[in-house]
Amino acid sequence: MIFLYHAHSGLRYLILLGGILAALYLAFGLATRRAFDGPARGLTAAFAGMLDLQLVFGVLLLFFRPFYPALIGHIVTMLLAIAAAHGFSVAARRATEPRRQYGLALAGVAVTLVLIAAGISSIGRGVFETTVGR
């Protein structure tokens, strides 16, 4: 199950990249006062979708890797990150004013990225630390 561990660990880089790209696009949309468009919805949906895949990998790892107490903080923080990503995304889609849509979506990505960083560090790893040799 080493593959699953490396997939879970490596997917975080795609998630972080997706979050940064989404944040940049959303900030640009907010600054230029453009309509909340397809790329904005797509980037936030892709970000949330990658988090969902990460959740699946993480749950599977719980069955195949040893459990240790620091995982409790990691699990709780990551579940909060997923809830924030989905919650802000839904709120952004329901909003009617484009500035509010961009603002909510951007806040969601920012809160999620902060929670992801906290969740990674809760298990004693750095956000950009590699997993080679673990």
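The values are calculated or read from the model by the stated rules, or taken from the named source; none is laboratory data. As the structure is a computational prediction, the values presented were derived from the model and not from experiment. Glycine gets a Cβ as well: all are built from the backbone with ideal geometry, and neighbour counts include every protein chain shown. All accessible areas refer to the heavy atoms of the entire protein, side chains included, with ligands and DNA or RNA removed. Shrake-Rupley method; radii C 1.70, N 1.55, O 1.52, S 1.80 Å.
If the condition is being surrounded by fewer than 20 Cβ atoms within 10 Å (Cβ to Cβ), among the hydroxyl-bearing types (Ser, Thr, Tyr) and modelled with pLDDT of 90 or more, then the stretch 97-134 contributes Ser121, Ser122.
Entry remark, the stretch 59-89: residues being open to solvent by 50 Å² or more (accessible area, probe 1.4 Å) and either in a helix (DSSP H, G or I) or more than 24 Å from Phe3 (Cα to Cα) (or both) number 13 in total.
Taking the stretch 65-121 as the range and being β-branched (Val, Ile, Thr), closer than 17 Å to Leu11 by Cβ and more than 10 Å from the chain's Cα centre (by Cα) as the test, the residues that pass are Ile75, Thr77, Ile120. State yes or no: is Arg125 more than 30 Å from Ile2 (Cβ to Cβ) and among the basic types (Lys, Arg)? Answer is no for this residue. Within the stretch 80-99, the set of residues being in contact with a helix residue (DSSP H, G or I) (Cβ under 8 Å, 6 or more places away or on another chain) and either farther than 18 Å from Gly49 by Cα or hydrophobic (A, V, I, L, M, F, W, C) (or both) comprises Leu80, Ala81, Ile82, Ala84, Ala85, Phe88, Ala91, Ala92, Ala95, Pro98, Arg99. Cβ-Cβ contacts under 8 Å between residues 6 or more apart (or on different chains), taken from a first residue in the stretch 76-87 that is acidic (Asp, Glu) to a second residue that is part of a helix (DSSP H, G or I), are absent.
For the stretch 24-39, the count of residues that are part of a helix (DSSP H, G or I), out of contact with any strand residue (DSSP E or B) (no Cβ under 9 Å at 6 or more places or on another chain) and among the basic types (Lys, Arg) is zero. Checking each residue in the stretch 1-19 for being touching a helix residue (DSSP H, G or I) at 6+ places or on another chain (Cβ under 8 Å) and part of a helix (DSSP H, G or I) picks out Leu4, Tyr5, Ala7, His8, Leu11, Arg12, Leu14, Ile15, Leu16, Gly18, Gly19. Sub-6 Å Cβ pairs linking a first residue in the stretch 101-118 that is farther than 16 Å from Leu24 by Cβ to a second residue that is open to solvent by 30 Å² or more (accessible area, probe 1.4 Å) and assigned to a helix (DSSP H, G or I), at least 6 apart or interchain, are Leu104/Phe88; Leu104/Ala91; Leu115/Leu80, ordered by first then second residue. Scanning the stretch 1-31 for residues being open to solvent by less than 70 Å² (accessible area, probe 1.4 Å) and either among the hydrophobic types (A, V, I, L, M, F, W, C) or modelled with pLDDT of 95 or more (or both) gives a total of 14.
Gly49 passes every criterion in (1) crowded, with 16+ Cβ neighbours inside 10 Å; (2) under 13 Å from the mean Cα position of the chain (by Cα) apart from (1).
Within the stretch 36-64, the set of residues being under 13 Å from Ile75 (Cβ atoms) and in contact (Cβ under 8 Å) with a residue 60 or more places away in the chain comprises Leu61 only.
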